[in-house]
Amino acid sequence: MAYWHNYFLERRRRRPNYSFEGQRTGRTSLTGRRRRTGRRRRTSQAEFSASLGELISRLTVRWGLQLRSRLEELEIKLSDMFEVLDRIDSMNRPNQAMSDWATKAKGVIRSIDVLMDDLLKRALDFTDIFLEFEFRPEVNRYLLSITDLLRDANDFRNIEVSNSLTQRSNQNSEETVVIGFEEHVNEITERLLSLNEPRRCVIFIVGMEGSGKTFLAESIYDNNAAHFQAHAWVSISQERSAEDILQDIMEKVIGSDHQELKGKQSLKEELKQMLQNFLREKRYLIVLDKIPMSGVWDDLKDAFPDQSNGSRIMITTRDMDLPLHADSGIFHYKMQLLSTDESWTLFKNTLRMDIPQELEQLGRKFVICCSGLPLTIKKMGELLSDKEATKEEWTRVLNELKGDPGPWSEISNKVLGESPLELKRCLQYFYLFPEEFEIPVRRLIRLWVAEEDMLSLKRDDEFSENKAQTFLMVLIDLNFVQVTNKKQNGKVRSCRLPVALRRLSSFERLVNTDSKSSSGLPKKVWVVDHYNNTEPSETSNHIHGDNTNNKTLRDSYKRSLSFFSFDFREGSQPGEEIGNFLDRCISCRCFLWLRVLDLERVFRPQLPKVLSKLVLLRYLGLRWTYLESLPSSISNLLKLQTLDVKHTYISSLPQSIWKMQRLRHLYLSESYRSRFGPPPRGASLKDLQTLWGVFVDEKSPVKNGLDTLKYLRKLGVACRCMSNQEDVNHAMSLQLKAVAKWIQNLKLLQSLRLKSHDENNQPGNLYLQSLLGHTKLSSIYLLGRLKTPSVISKFPENLIEITLSASALSEDPMQKLGKLPKLRILQLFSESYMGKYMWCPEDSFPHLQVLKLWKLEELEYWIVLGGALPRLRDLEIRSCAKLHKLPDGLQHVRHVSIEP
């Protein structure tokens, strides 16, 4: 806990001083007129901190430890309060609410100053064991008073008060230390205070060492303890007995007024009974920090009465093996590693300097090596703050960090040793990718499914992707996989093996124990070309050299199942070398067992004609290769499940693609208008689930073509008329109506992106019909004028994300969209709404978290009624020039971004 406190102190070390008389001075006055005569008034923050430091240094014996912890906490809270006071002091005319707040804050500080004198006198000769019992409750009371004041100050502390929308600040001063934990903070806080769960709730916060679970619990406790009649924070170590823990809780919630122990039963049972009696009629909050294992809680839980009064217990633990209780009153929150952006933000906020441009790349390498652990990131930021900001010094520290395995060496043997074979194979798969490579989850899941033997998947199992997704989430929960990037809706976009874990040789040995013997496959099952690797491999020499004979190729690759290339060089050489290698291998009967061929980002690989011999191929990855065409022989790949040609120059698909009956996922290049030709008679992609980036013009085969694809889960369509002739425009209107009818019949659809442009590339028409029957649809993106505007009132209730652009709505959409119970993200982009007035009715948008308003050029007035948008966290407004004022009902929003 002291670690986080030191961070606060260092962060505020150089802020301006504050004088209660309302003027800036060279020192900070902490008290007003003295309440007692004969005492020297502390006139500077330094003197006040010195007094606290003297007290803290004396409270080192058993009976002083808890009081010492509270005084350290008090110092941090006071620092927060001075920051707010300083903001108020800097204003020319603070409003009445601010002035009243400052008066209350000064009164609390004066009272604390008096308490400090009394404590110092008693602590000079530390022999009084009742010092804790007498003073700790009073210190706790001041802690809660300051917490309440800080909460009251949020409105003018987080967002600068101004009539100009562009002067709103983006985030509060404390949020930087809960980076990445916001979702947990919101969910747990809501569960703590919810009146819908009157029974006692037990909340487990589970995570490895350094994952931030203690700080998460501390942040929630500090901000919410005042809502409970009794509350206590207890830190637990391996050595503490149940009796010690119960005694500590009793001292904190009852104080020195508790009854004497009678000794008629065991000490533990008597303590439990006393706590039961005291807490029975109270609403309480107890935090048990760092419980070593779930058995400790089992030994303590009888002490806490389970009444229907809203009592709560929070428990932090590293114990990953907590049993799943059937009791509905027990909840688990698993800490995950920070993403790349979250880690970078935390690193910058921890550094006591601005990062020089020439050191930014090194700084990002530090973040990657910290592997998403908040504690490691903050320690590194603090360490570098005290170092010379030069490339040589930072490089030296970085090299030292690369050898630190962090906390993974402690948990990897235990957890991985008991893990199933399939989980080890999943982890082994991460070693195929470069160390710092962020692997798209879309790509990883499709690859795992193609490698069906690896996960013991049944052939053509329609639920295989759900199983692969489950394996990935298990690894993320175990902190064996770091989420590096998230989508706006919170889902995982990309991930990688934490760098510190990857470099742990004992971990690599564990995940590779089954690579040969268990599968019965030869060594080179997975063939990988890491061109930029500093240590050239045999495979690299075979691909980029020219002296390999066919016998060597057959001996090396005859039974290989997957081939990956990570050759990202520019120019024609990578494509020529990869094409030549594939041609030679396949021609000499290698790679005929290949399931995966992944050439993503290899510039224009020359696909050989013999590619059609890979009849067992299930995954062909050509994204970002800028290929111009696909061979018609691709239809011979009858087992292909995934074909990814997104970000290529392929504009026309071979007609033979309609014959690929097992194709499930087809990613096309929308920018280069990837078109389907008419299907041969009787041919249909009956198993297709994903069709993303398909282009539709007046000649595209929609009727009796695309509309035969009835089982799509994800559909992305871009429609555009290619001529301004009247007959062509009419044909295009018919096409757009056919597309709408096709979508109407896709009852399994989960995600829809539909765009329409006219011959001048301006937004075109959309003839979308009611989607009420699409119960699985969660995400919708529409670009184009809605010819039936009332369709927005016929969106399905399961929608989580809505984006509207150029919809040209004349009627306020907020009243209809606000009724969607699960909506979390709403984006109204350019000309989606053309009206002047917008209002959110009472209790509308109950779960909305992100709201973006872009280029609503006619919008002037926006009203938010009581109870609307209660969970809104991010508000982004761009180019809404006539909107002069934000609604008063948005004071709780944490992130506000406004651009003219």
Handout entry: Long-range Cα-Cα pairs in the stretch 717-788 (distance over 21 Å), rounded percent
Key = 24 percent
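How much net charge surrounds Lys737 when only the other residues with a Cβ under 12 Å from the Cβ of Lys737 are counted, with Lys and Arg +1 and Asp and Glu -1?
Values: positive: Lys703, Lys741, Lys787; negative: Asp707.
Computed value for this residue: +2.
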Problem - Residue-span extension gain [Glu726 to Lys121] - 0.36 nm each, minus C-alpha spacing - result: 208.3 nm
Problem - Whichever aspartates and glutamates have a C-alpha closer than 14 Å to that of Lys104, once near sequence neighbours (fewer than 8 apart) are set aside - result: Asp148, Asp152
Handout entry: Phi-based couplings in Hz for the stretch 234-241 (Karplus 6.51, -1.76, 1.60; Gly and Pro marked x)
Key = 10, 8, 10, 10, 4, 7, 6, 8
Handout entry: Carbon + sulfur, % of accessible area of the stretch 721-813 - ligands and nucleic acids excluded, 1.4 Å
Key = 44 percent
Handout entry: Accessible area (Å², per residue) of the stretch 766-900, counting only protein heavy atoms and a probe of 1.4 Å
Key = 43 Å²
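Provide the FRET efficiency to the nearest 0.05 for the Arg141-Lys794 pair, computing r from the beta carbons and using R0 = 56 Å. Don't skip to the answer; put the middle values down first.
Working: r = 56 Å, r/R0 = 1.00.
Using R0 = 56 Å, I get an efficiency of 0.50.
Using 0.36 nm per residue of separation minus the Cα-Cα distance, give me the extension gain between Gln891 and Asp341 in nm, one decimal.
Values: separation 550, 0.36 × 550 = 198.00 nm, distance 2.63 nm.
Computed gain between Gln891 and Asp341 is 195.4 nm.
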Problem - Cα convex hull of the stretch 393-459 - mean projected area over all directions, nm² - result: 6.1 nm²
Problem - Distance in nm between pseudo-label sites at Asn550 and Arg364 (7 Å out along the Cβ direction from Cα) - result: 4.6 nm
Handout entry: Residue-by-residue Karplus 3J(HN,Hα) for the stretch 717-730, coefficients 6.51, -1.76, 1.60, Hz, glycine and proline x
Key = 10, 10, 10, 7, 7, 9, 8, 9, 6, 4, 5, 5, 4, 5
Practice task
Over 26 Å between C-alpha atoms is what I'm after, so list which of Lys747/Lys836; Lys487/Lys822; Lys747/Lys855 land there.
Solution key: Lys747/Lys836; Lys747/Lys855
Fill in the blank from the handout: Computed from the beta carbon distance with a Förster radius of 25 Å, FRET efficiency for Lys609 and Leu638 to the nearest 0.05 stands at 0.90
Completion exercise
PRE zone check, label point 7 Å out along Cα-to-Cβ of Ser237, amide N under 15 Å, scope the stretch 268-310, hits 289-292
Practice task
Please give the contour-minus-distance gain from Thr395 to Arg93: 0.36 nm per residue of separation, less the Cα-Cα distance, rounded to one decimal in nm.
Solution key: 103.8 nm
Exercise for the section: Report the label-to-label distance for Cys588 and Thr708 in nanometres (one decimal), using points 7 Å from each Cα along the Cα→Cβ vector. Expected result: 4.3 nm
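Listed here are the pairs Lys467/Lys558; Lys213/Lys391; Lys334/Lys819; Lys491/Lys710; Lys467/Lys755; Lys755/Lys819; which of them are more than 28 Å apart at the Cα? Kindly include the intermediate steps, with their values, before the conclusion.
Values: Lys467/Lys558 30 Å; Lys213/Lys391 34 Å; Lys334/Lys819 31 Å; Lys491/Lys710 26 Å; Lys467/Lys755 33 Å; Lys755/Lys819 25 Å.
Correct reply: Lys467/Lys558; Lys213/Lys391; Lys334/Lys819; Lys467/Lys755.
For Met834, what is the net charge nearby, where nearby means another residue's Cβ is under 13 Å from its Cβ and Lys, Arg count +1, Asp, Glu -1? The partial results should precede the final answer.
Details: positive: Arg785, Lys836, Lys855, Lys882; negative: Glu811, Asp812, Glu831, Glu857, Glu858, Glu860.
It works out to a net charge of -2.
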Fill in the blank from the handout: With every protein chain kept in place and a 1.4 Å probe, the stretch 412-481 has an accessible area per residue in Å² of 38 Å²
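Provide the packing ranking of 628-634, 597-603, i.e. peptides ordered by the mean count of other C-beta atoms within 10 Å per residue, highest first.
On the way: 628-634: 15.4, 597-603: 22.4.
Descending mean neighbour count gives 597-603, 628-634.
The values are calculated or read from the model by the stated rules, or taken from the named source; none is laboratory data. It should be emphasised that the depicted structure is a prediction, and the values quoted were computed from it without experimental measurement. Please note: Cβ atoms are built from the backbone with ideal geometry, for glycine as well, and neighbour counts cover all protein chains shown. Calculation scope for accessible area: heavy atoms of the full protein, side chains included, ligands and nucleic acids excluded. Shrake-Rupley method; radii C 1.70, N 1.55, O 1.52, S 1.80 Å.
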